[in-house]
Amino acid sequence: MAAVVAAMNHVRKRLHRLTRFGIPAVMGFSMSLNAYEFAAGATNMFEVAAGVAMGLILPALVFLAFRVASVLADV
């Protein structure tokens, strides 16, 4: 969020250097933990597949919403 609300362009560029690898790493970790948790109580392969899909899709949607909000805030 700091990169979105940074007032000056040079601050935004410096933050981007720091978050370029951090954000995808956190999103990947979140996706794996969510998939594990959603599929933990599954009793068959369909439930496992649904749990993994939900675990992967939800953080991806949050990331996309953040990207859209950052583009809209930059206008």
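The values are calculated or read from the model by the stated rules, or taken from the named source; none is laboratory data. Predicted model only: the values in this text are computed from it and were never measured. Backbone-built Cβ (ideal geometry, glycine too); neighbour counts: all protein chains shown. Note: areas computed on protein heavy atoms with side chains; ligands, DNA, RNA excluded. Shrake-Rupley method; radii C 1.70, N 1.55, O 1.52, S 1.80 Å.
So that you can scan it fast, the table gives a plain yes or no per residue for (1) at pLDDT below 90; (2) of a type in the set (V, I, T); (3) open to solvent by less than 90 Å² (accessible area, probe 1.4 Å); (4) under 19 Å from the mean Cα position of the chain (by Cα):
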site: A7; (1), (2), (3), (4): yes, no, no, no
site: G22; (1), (2), (3), (4): yes, no, yes, yes
site: G28; (1), (2), (3), (4): yes, no, yes, yes
site: A49; (1), (2), (3), (4): no, no, yes, no
site: V52; (1), (2), (3), (4): no, yes, yes, yes
site: V62; (1), (2), (3), (4): yes, yes, no, yes
site: A69; (1), (2), (3), (4): yes, no, yes, yes
Give the residue that is modelled with the highest pLDDT, with candidates limited to residues of the stretch 30-46 that are assigned to a helix (DSSP H, G or I) and of a type in the set (A, V, I, L, M). M45
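Given the residues A49, A73, which is the only one that is in contact (Cβ under 8 Å) with a residue 60 or more places away in the chain and assigned to a helix (DSSP H, G or I)? Walk me through how you get there before you give the answer.
Values: A49 fails: in contact (Cβ under 8 Å) with a residue 60 or more places away in the chain.
Among A49, A73, only A73 is in contact (Cβ under 8 Å) with a residue 60 or more places away in the chain and assigned to a helix (DSSP H, G or I).
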